[in-house]
Amino acid sequence: MKIYKSYQIVIIGGGLAGLSAALHLSQANLDILLIEKHPYPNHKVCGEYVSNEVLEYLDFLGVSPFEVGAKKISNFEVSNTNGSLIKAELPLGGFGISRYALDNLLYEALDSKIDVVFDTVKSVTFSNELFTIDTKNEIQFTSTYVVGAFGKRSNIDTFLGRQFIQNASPWLAVKAHYTYDFPEDTVALHNFVGGYCGLSKTETDVVNACYLTTYKSFKRFGKIPEFQENVLAQNPYLKDFFENAIPEFEKPLTISQISFEVKQPVEDHIFMLGDSAGLIHPLCGNGMAMAIHSAKLFSEVFLEASANGNIDRKEMEHNYETLWKKTFSKRLKSGRKIQSLLLHPTATRVGFSIAKLFPNIVPAVIKRTHGSTI
Ligand SMILES: Cc1cc2nc3c(=O)[nH]c(=O)nc-3n(C[C@H](O)[C@H](O)[C@H](O)COP(=O)(O)OP(=O)(O)OC[C@H]3O[C@@H](n4cnc5c(N)ncnc54)[C@H](O)[C@@H]3O)c2cc1C
């Protein structure tokens with residue numbers, strides 16, 4: 001084992017949170033390393049609808065999703081398991097872009113301003129005010145600060161013994177791109193028994209279909225095509241989609257053990273960003289905006305503290321934690337409530353009847369899980 005290099009900040013994970021923090025902090029004269037498992041570009045399981053609340057901030061970071069063809073999305077539709085449909089205008093709107101393109105845009109904007117290493121972090125320990133980070137390729141880094149942006153579930157969570165990782169989670173997700181006739185200004189959320197499926201267009205004109213379901217529902221069929229045919233297709237919108245859409249991937253991407261349990265924004269002195277700090281239910285379509293927003297919160301806290309020339313770690317941890325909770329806790333709570341309602345057949349039926357009578361309810365519910373422009 002050799003000591004490779006020492007940094008002021010090491011960012012573990014180069015998804016939206018890690019890349020945004022790297023870009024923001026790179027504007028100051030800091031010695032930063034980003035460690036990411038997978039080279040860019042790569043596909044990720046995600047609904048690929050991004051709330052407009054982060055557009056101005058992305059612009060500040062030098063990232064323009066519309067330059068690569070992101071679709072402007074202003075309409076929302078949601079159907080229940082029988083296909084009863086409600087349409088609404090999105091309060092703030094958003095855009096459709098694949099993670100393949102978006103993460104890569106952020107990475108390219110970094111333009112070698114900081115060091116990036118493609119490797120998997122195995123361990124991160126804190127002692128005597130210094131972090132030691134070991135990677136799979138047997139490289140050792142040290143740093144004064146560590147940013148944890150390693151997503152919803154990582155080997156590092158296991159290494160740190162984080163609470164949520166001890167419990168099995170009932171959720172799995174499936175995603176793929178398809179050619180299908182679908183309006184580019186719309187994001188749809190179609191319910192099926194035991195889950196829901198999001199549809200929206202990306203920059204390449206394909207439709208991204210991404211669904212979340214439980215093992216309990218899935219295991220009755222065990223295979224994706226059978227599950228889609230027997231369960232998702234009970235919703236007429238999904239039936240039409242899966243019968244007529246042409247797959248663009250050889251096979252869908254899947255992830256499992258998706259946990260929505262409460263996490264902490266600072267653990268073991270690591271500043272947690274994005275999903276590492278907490279994952280909002282995907283139906284809210286706000287996780288990416290929250291990941292990017294959390295990078296802004298942390299970067300501002302860090303830059304303000306370092307401008308004083310004498311960083312007080314304890315105070316900085318307290319400031320970030322307070323700000324994170326104030327910004328996101330309510331949204332996460334609302335997301336949990338909405339998801340449990342949506343997956344409860346009677347509650348969904350009643351909710352749909354009420355929303356048909358009072359259509360303003362839908363934008364009001366969406367607002368509870370979103371923020372305003374950052
Ligand atoms: C089914 C589903 C659908 C969703 N749909 C939407 C949607 O439509 N809109 C929306 O806004 N949000 C959506 N989300 C949420 C959104 O995907 C996440 O909130 C967002 O990706 C969080 O970004 P992140 O940077 O925190 O994590 P990630 O994007 O997951 O990035 C984490 C990175 O860390 C890296 N990493 C992990 N461990 C290590 C390690 N040990 N060493 C080095 N690197 C490591 C990974 O390779 C990865 O690149 C959805 C989520 C799910 C599960």
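Would you check if Ile311 is farther than 30 Å from Leu130 by Cα and either surrounded by fewer than 19 Cβ atoms within 10 Å (Cβ to Cβ) or near the ligand (Cβ under 8 Å from one of its atoms) (or both)? Considered against the rule, which asks whether it is farther than 30 Å from Leu130 by Cα and either surrounded by fewer than 19 Cβ atoms within 10 Å (Cβ to Cβ) or near the ligand (Cβ under 8 Å from one of its atoms) (or both), Ile311 comes out as no.
The set of residues in region 255-284 being open to solvent by 70 Å² or more (accessible area, probe 1.4 Å) and aliphatic (A, V, I, L, M) consists of Val262 alone.
Condition test on Leu34, is it open to solvent by less than 30 Å² (accessible area, probe 1.4 Å), away from the ligand (no atom under 13 Å from the Cβ) and in contact (Cβ under 8 Å) with a residue 24 or more places away in the chain? Spell out how you get there, then give the answer.
Values: open to solvent by less than 30 Å² (accessible area, probe 1.4 Å): yes; away from the ligand (no atom under 13 Å from the Cβ): no; in contact (Cβ under 8 Å) with a residue 24 or more places away in the chain: yes.
Spelling it out, it is not the case that Leu34 is open to solvent by less than 30 Å² (accessible area, probe 1.4 Å), away from the ligand (no atom under 13 Å from the Cβ) and in contact (Cβ under 8 Å) with a residue 24 or more places away in the chain.
Condition check for Lys44 on (1) of a type outside the set (A, V, I, L, M); (2) more than 11 Å from the ligand (Cβ to nearest atom); (3) in contact with a Lys or Arg (Cβ under 6 Å, 6 or more places away or on another chain); (4) open to solvent by 20 Å² or more (accessible area, probe 1.4 Å): one failure, at (2). Got at least one residue in region 75-89 being in contact with a strand residue (DSSP E or B) (Cβ under 9 Å, 6 or more places away or on another chain), at pLDDT 95 or above and of a type in the set (A, V, I, L, M)? For region 75-89, residues in contact with a strand residue (DSSP E or B) (Cβ under 9 Å, 6 or more places away or on another chain), at pLDDT 95 or above and of a type in the set (A, V, I, L, M): absent.
Taken over region 285-300, the criterion of being open to solvent by 10 Å² or more (accessible area, probe 1.4 Å) and in contact with a strand residue (DSSP E or B) (Cβ under 7 Å, 6 or more places away or on another chain) is satisfied by Gly285, Met288.
Close Cβ contacts (under 6 Å, 6 or more residues apart or on different chains) running from residues in region 310-339 that are touching a residue at least 12 places away in the same chain (Cβ under 8 Å) to residues that are surrounded by fewer than 16 Cβ atoms within 10 Å (Cβ to Cβ) comprise Ser334/Arg368.
Taking every residue in region 267-278 that is closer than 13 Å to Arg153 by Cα and pairing it with any residue that is surrounded by 24 or more Cβ atoms within 10 Å (Cβ to Cβ) and among the β-branched types (Val, Ile, Thr), at least 6 positions away or on another chain, the pairs with Cβ-Cβ distances below 7 Å are Leu273/Val147.
Could you name every one of the helices (runs of 4 or more DSSP H) located completely within region 296-374 that has at least 2 residues being of a type in the set (D, E, K, R) and under 24 Å from the mean Cα position of the chain (by Cα)?
Fully inside region 296-374 and qualifying: 313-342, 361-368.
Looking at region 126-143, which of the residues that are β-branched (Val, Ile, Thr) and more than 13 Å from the ligand (Cβ to nearest atom) is most open to solvent (accessible area, probe 1.4 Å)?
Residues of region 126-143 that are β-branched (Val, Ile, Thr), as a first pass: 132-133, 135, 139, 142.
Add one more test, that the residue is more than 13 Å from the ligand (Cβ to nearest atom), and what stays is 132, 142.
On the way: Thr132: 38, Thr142: 17 Å².
Taking the candidates together, the pick is Thr132.
Of all residues in region 115-125, those being surrounded by 15 or more Cβ atoms within 10 Å (Cβ to Cβ) and farther than 17 Å from His38 by Cα number 1. In this structure, Asp268 does not satisfy being within 11 Å of the ligand (Cβ to nearest atom) and out of contact with any Cys (no Cβ under 8 Å at 6 or more places or on another chain).
Please determine whether any residue of region 246-254 is open to solvent by less than 40 Å² (accessible area, probe 1.4 Å) and not in a loop (DSSP other than H, G, I, E, B). Scanning region 246-254 turns up no residue that is open to solvent by less than 40 Å² (accessible area, probe 1.4 Å) and not in a loop (DSSP other than H, G, I, E, B). For region 144-234, the helices (runs of 4 or more DSSP H) that sit wholly inside it and include 2 or more residues that are within 15 Å of the ligand (Cβ to nearest atom), open to solvent by 20 Å² or more (accessible area, probe 1.4 Å) and out of contact with any Pro (no Cβ under 9 Å at 6 or more places or on another chain) are 155-160, 215-219. Answer yes or no as to whether Leu34 is modelled with pLDDT of 95 or more and in contact with a helix residue (DSSP H, G or I) (Cβ under 7 Å, 6 or more places away or on another chain). Here the answer is yes, as Leu34 does meet what is asked.
Quick one: would you say Gly83 is away from the ligand (no atom under 12 Å from the Cβ) and touching a Pro at 6+ places or on another chain (Cβ under 6 Å)?
Working: away from the ligand (no atom under 12 Å from the Cβ): yes; touching a Pro at 6+ places or on another chain (Cβ under 6 Å): yes.
Taking the combined requirement at face value, the residue satisfies it.
The values are calculated or read from the model by the stated rules, or taken from the named source; none is laboratory data. These numbers were taken from a predicted model, which means no experiment stands behind them. Ideal geometry is used to build each Cβ from the backbone, glycine not excepted, and the neighbour counts take in all protein chains shown. When the accessible area is computed, the model is the full protein with side chains, heavy atoms only, and any ligands, DNA or RNA have been set aside. Shrake-Rupley method; radii C 1.70, N 1.55, O 1.52, S 1.80 Å.
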